[in-house]
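Asks: Below is a structure I'd like to ask you about.
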Amino acid sequence: MQYTKCWLDWKEIPKEQKRKCYYRPVLLACGPVAATAGEEYCISMGEMLGREISLLEMADGCEPAVFLEVDGAMQTGARNEALAEQTFAIREEGDSIRITGRSEEALLQGVFAFTRMVSLAQLDEKLPFQCIPSMPLRMMDHWDDMDGSIERGYSGRSFFYDNYEILYNERTEMYVRLMASIGVNAIVINNVNVHERETYLITDAYLAQVKKYADLFARYGIRLFMCVNFAAPMQLGNIPVSDPLDPDVIAWWQDAVKHVYEVIPEFGGFLVKADSEGRPGPITYGRTQADGANMLARALAPYGGILIWRCFVYNCRQDWRDYKTDRARAAYDHFIELDGEFDDNVILQIKNGPMDFQVREPVSPLFGGLKRTNMMIELQIAQEYTGQQIDLCYLIPMWKEILSFDTYACGEGTPVEQVVSGRSYAQVNCGMAAVINTGDDENWTGNDLAGANLYGFGRLAMDPSLTAEEIASEWCRLNLSQSDEVAKVVVPMLMGSWATYENYSSPLGIGWMVSPPTHYGPDVDGFEYDRWGTYHRSDLHGIGVDRTDAGTGYVNQYNEPWRSIYGKMDTCPEELLLFFHHVPYTYVLKTGKTLIQHIYDTHFEGVEEVEEMQRQWASLEGKIPDRAFRCVSERFERQLANAIEWRDRINTYFYRKCGIGDEKGRKIY
Ligand code: GCU
């Protein structure tokens, strides 16, 4: 089995950076996670120092040293106890260094931060350093199925399952180390679409093996979660319904949960996709989403478990002729009335946008709407609609934009980041979750450069004030090369890649022009006459969906001033213009270009930008590991072919619709 170590592939550091204390780690804490912290120190620093390191026993007389300690009374300044527990500090004390965690888990995070700083030669600049993580929960959602496939997986097969068996090997351990090292503290091990066999994951058919994962995760301070099938009482319990208010159903779940905790006392809880895309849920019984969520939450509560309920609820059997129903409205319409009705251990998991992880969407209005409900944002690291890890699309700039979007929920200055980190409403059950992009490919993420999204998600959830450039540069130096020359090529390439992808794919926020079976490559009308509620409504005059008052009224789900800003064509941010309005081809944008000319220009530019990235990448030959060089080169070839296909299909489609030629006379078919 071959796999890379990604950002944990430490290189020996220059001699002048090797401080004496580095060779002398002293572990002043006990417990399983503290032991992991000690081990991780020895592995990483051993590799960076070029010789084996082991923990020293004694505190006295061994200075200079690096002390690894837990101080339960440490003053942190954190806004609540849960975050205080996750706080760590690193400081110099004479020639020694002290890494102090408020808890064992925090100490482990301190060690990872320290080793990263040593590797990046940042210690002088960063110490003294204190970190209070921003997001209480930093969660990875796996869409792995037990047959070994991964829904929307673009990096090989699952390393958790094969042929309905649970796998456990060295790779599992490497995976957990990678996750812990970027601050992940919760992992959901199975797909939100819980199929027949996966329904048994919470039973003795699999629990003993799941426990092995849970134990491994626990040593790294990570809690294990599972997705459950809302209809499990019917499938497993022979109960005729799964009505959340039915006493037999309630009792069935209580027993099932009790047993899970008997086997796995540190179990985190459940994630549930209900009433969505064919999954069972409370609507069948005339019950609300709160009835469904609270029933499960109450079964979990005695054990400290959390219930995460997805807001991805919409009608996926829409008639394309129906201009009134608007999928974008669905999540808000289903959940806003229920604000305040969810139990304390329920978290609503809300996709970043109202549709489904498109290259450009407005931010979900639920973040500005719900005020008495725990919330978590759901992002997608897996590039389902953003190039599937063939095309380069560095997503951190998009996520930063989303997190900094001002919801105006508590007046001006209530960004999404504040809402989901729990600062707006003093919540502790909240944070960031993301659909992960890993598989059993050697490099974990298909395209090596897609590793930057995986790494960046964790870094951003710990500290959203990091810039997208900082994260790109860290990732590049830890994964490809420490040289400035390489970073000068790779960082700008990553930074520009989202805009490039957007340039050659669907224009100005409209989305969905992808091929329906795969979600890769262009098919402008692929979804247009289908049931998914994903339309562009192009005709001979213009493109776009009217979501103003005159249209579907979706704009009214936003707080002011957004409602007004989005509501008018001339104030609507142009990157979202076609999401909110049906716009004539001849409409003049702020650049002075007409809409149709903008479409032509961006699509020609997108292809040119891919060609430029390809040239830039070629200049790295011999300067980065050969395997990564070849892997990404091959991906760029496929990306270029894809971009050309997008350019020509989109330009041709709209030229044929409107009959207006390209001002520059370029080739359109
Ligand atoms: C998308 C995706 C599905 C997934 C769903 C979800 O629609 O294509 O594969 O199941 O999102 O988030 O539940």
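The values are calculated or read from the model by the stated rules, or taken from the named source; none is laboratory data. Source: prediction; values computed, not measured. With ideal geometry, Cβ positions are generated from the backbone for all residues, glycine too; neighbour counts draw on all protein chains shown. Protein only, heavy atoms only, side chains kept; ligands, DNA and RNA dropped before computing areas. Shrake-Rupley method; radii C 1.70, N 1.55, O 1.52, S 1.80 Å.
Asks: How about region 591-618: which of its residues are of a type in the set (S, T, N, Q), more than 15 Å from W646 (Cα to Cα) and open to solvent by 10 Å² or more (accessible area, probe 1.4 Å)?
Replies: Hits for region 591-618 are T591, T594, Q614, Q616.
Asks: Would you mention how many residues in region 203-232 are open to solvent by 10 Å² or more (accessible area, probe 1.4 Å) and either more than 16 Å from G278 (Cα to Cα) or within 23 Å of the chain's Cα centre (by Cα) (or both)?
Replies: Let us first name the residues in region 203-232 that are open to solvent by 10 Å² or more (accessible area, probe 1.4 Å), namely 203-206, 208-209, 211-212, 215, 218-221, 223, 229, 231.
Cutting the leftovers down to either more than 16 Å from G278 (Cα to Cα) or within 23 Å of the chain's Cα centre (by Cα) (or both) gives us 203-206, 208-209, 211-212, 215, 218-221, 223, 229.
Total meeting the criteria: 15.
Asks: Say whether the condition of being of a type in the set (K, R) and within 15 Å of the ligand (Cβ to nearest atom) is met by at least one residue in region 148-161. Before the answer, list the steps.
Replies: The first filter runs over region 148-161 and keeps only residues of a type in the set (K, R), leaving 152, 157.
In the following step, the residues that additionally are within 15 Å of the ligand (Cβ to nearest atom) were identified as 152.
Yes; the residues of region 148-161 include at least one that is of a type in the set (K, R) and within 15 Å of the ligand (Cβ to nearest atom).
Asks: Looking only at region 60-72, decide whether some residue is over 15 Å from V26 (Cα atoms) and open to solvent by less than 10 Å² (accessible area, probe 1.4 Å).
Replies: no
Asks: Does I308 satisfy being assigned to a strand (DSSP E or B), touching a strand residue (DSSP E or B) at 6+ places or on another chain (Cβ under 9 Å) and away from the ligand (no atom under 14 Å from the Cβ)?
Replies: No; evaluated as a whole, the condition is false for this residue.
Asks: May I ask you to list the residues in region 132-172 that are more than 21 Å from the chain's Cα centre (by Cα) and either at pLDDT below 95 or open to solvent by 10 Å² or more (accessible area, probe 1.4 Å) (or both)? Spell out the reasoning first.
Replies: Pass one, region 132-172, residues more than 21 Å from the chain's Cα centre (by Cα): 146-148, 161-171.
Residues satisfying the conditions are D147, D162, N163, Y164, E165, I166, L167, Y168, N169, E170.
Asks: Could you list, in sequence order, all residues of region 486-540 that are surrounded by fewer than 19 Cβ atoms within 10 Å (Cβ to Cβ), assigned to a loop (DSSP other than H, G, I, E, B) and away from the ligand (no atom under 16 Å from the Cβ)?
Replies: D525, E528, Y529, R537, D539, L540
Asks: For region 355-364, does any single residue satisfy the condition of being within 16 Å of the ligand (Cβ to nearest atom), farther than 21 Å from F312 by Cβ and either open to solvent by 10 Å² or more (accessible area, probe 1.4 Å) or not in a helix (DSSP H, G or I) (or both)? Walk me through how you get there before you give the answer.
Replies: Let us first name the residues in region 355-364 that are within 16 Å of the ligand (Cβ to nearest atom), namely 355-359, 361, 364.
Among the residues that remain, those that are also farther than 21 Å from F312 by Cβ are: none.
No, there is no match, as no residue in region 355-364 is within 16 Å of the ligand (Cβ to nearest atom), farther than 21 Å from F312 by Cβ and either open to solvent by 10 Å² or more (accessible area, probe 1.4 Å) or not in a helix (DSSP H, G or I) (or both).
Asks: Let me ask another. So if I check each of R635, R627, R647, which one is basic (K, R) and open to solvent by 60 Å² or more (accessible area, probe 1.4 Å)?
Replies: Every option except R627 fails the conditions.
Asks: Could you check how many residues of region 45-64 are modelled with pLDDT of 95 or more and touching a Leu at 6+ places or on another chain (Cβ under 7 Å)?
Replies: Going through region 45-64 one residue at a time, the tally reaches 1.
Asks: Quick one: count up the residues across region 285-313 that are hydroxyl-bearing (S, T, Y) and either under 17 Å from M226 (Cβ atoms) or touching a Phe, Trp or Tyr at 6+ places or on another chain (Cβ under 9 Å) (or both).
Replies: Qualifying residue count, region 285-313: 1.
Asks: Let me ask you something else. Note down all Cβ pairs under 7 Å where the first residue falls in region 648-659 and is in contact (Cβ under 8 Å) with a residue 12 or more places away in the chain and closer than 21 Å to V607 by Cα, the second is part of a helix (DSSP H, G or I) and not hydrophobic (A, V, I, L, M, F, W, C), and they're at least six residues apart or on different chains.
Replies: Close Cβ pairs (under 7 Å, with a partner that is part of a helix (DSSP H, G or I) and not hydrophobic (A, V, I, L, M, F, W, C)) amount to I650/H603; N651/Y600; N651/H603.
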